[in-house]
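Some notes on the structure that comes next.
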Amino acid sequence: MQPHATPVYSATKHGVRAYMTSVCQDPTRPDQGIEYAMIAPDAVDTPMVRSLDNNRIFYWDELKDLVLGRLIKPQTIGEALLQLLRCDVINGAILHVDNQGKTFRHMECVNDGVTFDPSKVFSTSYVFDQE
Ligand SMILES: NC(=O)c1ccc[n+]([C@@H]2O[C@H](COP(=O)([O-])OP(=O)(O)OC[C@H]3O[C@@H](n4cnc5c(N)ncnc54)[C@H](O)[C@@H]3O)[C@@H](O)[C@H]2O)c1
Ligand SMILES: CC[C@@H](O)/C=C/C=C\C[C@@H](O)/C=C/C=C/C=C\[C@@H](O)CCCC(=O)O
């Protein structure tokens, strides 16, 4: 089993998700003309990840080959953002980006931002080359 290496950091990221999925359902949002969404990537090749060590993440010595071997290019996140912005329905979107041989982007749980309507929840995916 993979060790849970970043419990507090991961909790803060889930906090961002909870914040977004809450504010996107603000009943006054449509009148404000605002949409909320988020990108949830796996490890991206940034200075933060390149600076990880055993003092910043549990089990880094055991995990680093796995994590550094599947890093997402930063420009892929930029492409994911553009993909998100081109979607008809943005509010409530969570765009997962990972890199397991290919980049897989998965949008889930999009609602109208007013009331939660299961019939409006959909899931779709896009596969792109990273090169
Ligand atoms: N890199 C990843 O694998 C990854 C994956 C998922 C989520 N994230 C999240 O994405 C965000 C960025 O991560 P990163 O890897 O690019 O980090 P990073 O440390 O490489 O870069 C963060 C940048 O933010 C700037 N910054 C810091 N405080 C600021 C402030 N108050 N105002 C303006 N700029 C400020 C820093 O100067 C730096 O350029 C973080 O919230 C991180 O948790 C990163
Ligand atoms: C495969 C295990 C998985 O949990 C590891 C992922 C590694 C990198 C992905 C990246 O999203 C995780 C970063 C974790 C950071 C942990 C600790 C912080 O001290 C780093 C600094 C955070 C900050 O300054 O904002």
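The numbers here are math on the coordinates, done by the rules we state, and not lab data. Computed from a predicted structure; not experimentally measured. Positions of Cβ are backbone-derived with ideal geometry, glycine not excepted, and every protein chain shown enters the neighbour counts.
Quick notes on this one:
- Pairwise FRET efficiency - Arg17 versus Asn55, Cβ, R0 = 25 Å, nearest 0.05: 0.40
- Legend: calculated FRET efficiency, Val8 to Leu81, from the Cβ-Cβ distance at R0 = 35 Å, rounded to 0.05, equals 0.85.
- Inter-label distance, nm, simple model (7 Å from Cα along the C-beta direction), Val89/Thr28: 2.5 nm
- Thr46 paired with Leu68, simple spin-label distance in nm, labels 7 Å along Cα-to-beta-carbon: 1.9 nm
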